[in-house]
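Written below as structure tokens is the structure these notes are about.
Read-outs: derived from the displayed coordinates by stated rules, not from any lab. Because the structure is predicted, anything quoted here is derived from the model rather than measured. Every residue, glycine among them, receives a Cβ derived from its backbone with ideal geometry; neighbour counts consider all protein chains shown.
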């Protein structure tokens, strides 16, 4: 089927003549230029894909390592928090006990003061009864038994008051001692609580720092994964475009061959600039179609052939013919966009693709350096430039050997 289509295409071009040949040449030029640029894009996408994959792998390893550190820090924090809770509970109990003992001591102090005042009053009364009261007790008694009972009562009351005062004093002393012990224990527990709390705060900060680092790495990995997916999608798109341009380039080669064969058969006379043994045109006879750096050279890219060179230039910059000849193609051709192909005789032709606008017409004779269009980014293009091809008998060759 492909051979039949090629034969039919050749016959059609042979009948149509130079105009069809010119258009085919031009389109092939554009396709070759587009292919070169797309191959560079795919190569860059492959490089970025490899770099991003390595970076994601490294970040994932760091995240896993940090996860182990985070787990260990979390275990330490949980253990310290439990210990801190125990110390705080103990400190709270001791504080309540100390407050209770303080209240108890205050109560006993008051009771002791009251008992002491009563004892003092009683001793004064007994003293006074000893100095005066014996006679008074005797005189106020109706019998000897009353005298004995009265004196014994006074003495017993005094002893009882003294005993009460002594007991209260002893209880107060015991409570004071217990309170002192409680205070000492509470102070020790408070110091231990502060130490455990400080370690807990430190471990929490370490855990939070590890978590923050882990989250930051996870965010960076997510961003890199998104970038990687975008690069892969771009790469898939570039490869689809390359495949399309390769097909268009094959068609263009057939068109150029058919157009040149048709011109030769009709005895049309091309106007080559300088003729010698090198393909009909001097290797030093071509001028640069536009001033600018070569951003993508001729050769294999990612398993595919880049069939021209890309020359960066601003949109609207004038594009000139590399050598004199006849325009055999001028128009749109797939990924090449606006394409001009010039036949220079001796099976040699040049193609200029991605023009913003075309300045020549099919079958027009042009001189070397004549403006044939303007730089742009039509067709499958990534930035303003011209894709320039040199073809011998329809097959692409390195343009740098002619410029």
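Quick look at the numbers
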{"item": "Protection proxy ranking of 90-101, 314-325 - average other beta-carbon atoms within 10 Å, highest first", "result": "314-325, 90-101"}
{"item": "Distance in nm between pseudo-label sites at residue 184 and residue 100 (7 Å out along the Cβ direction from Cα)", "result": "2.1 nm"}
{"item": "Mean projected area in nm² (Cα convex hull; one quarter of hull surface) for segment 308-384", "result": "4.5 nm²"}
{"item": "For peptides 371-378, 43-50, sequence by mean Cβ density within 10 Å, most packed first", "result": "371-378, 43-50"}
{"item": "Segments 345-356, 211-222 sorted - mean Cβ within 10 Å per residue, highest first", "result": "345-356, 211-222"}
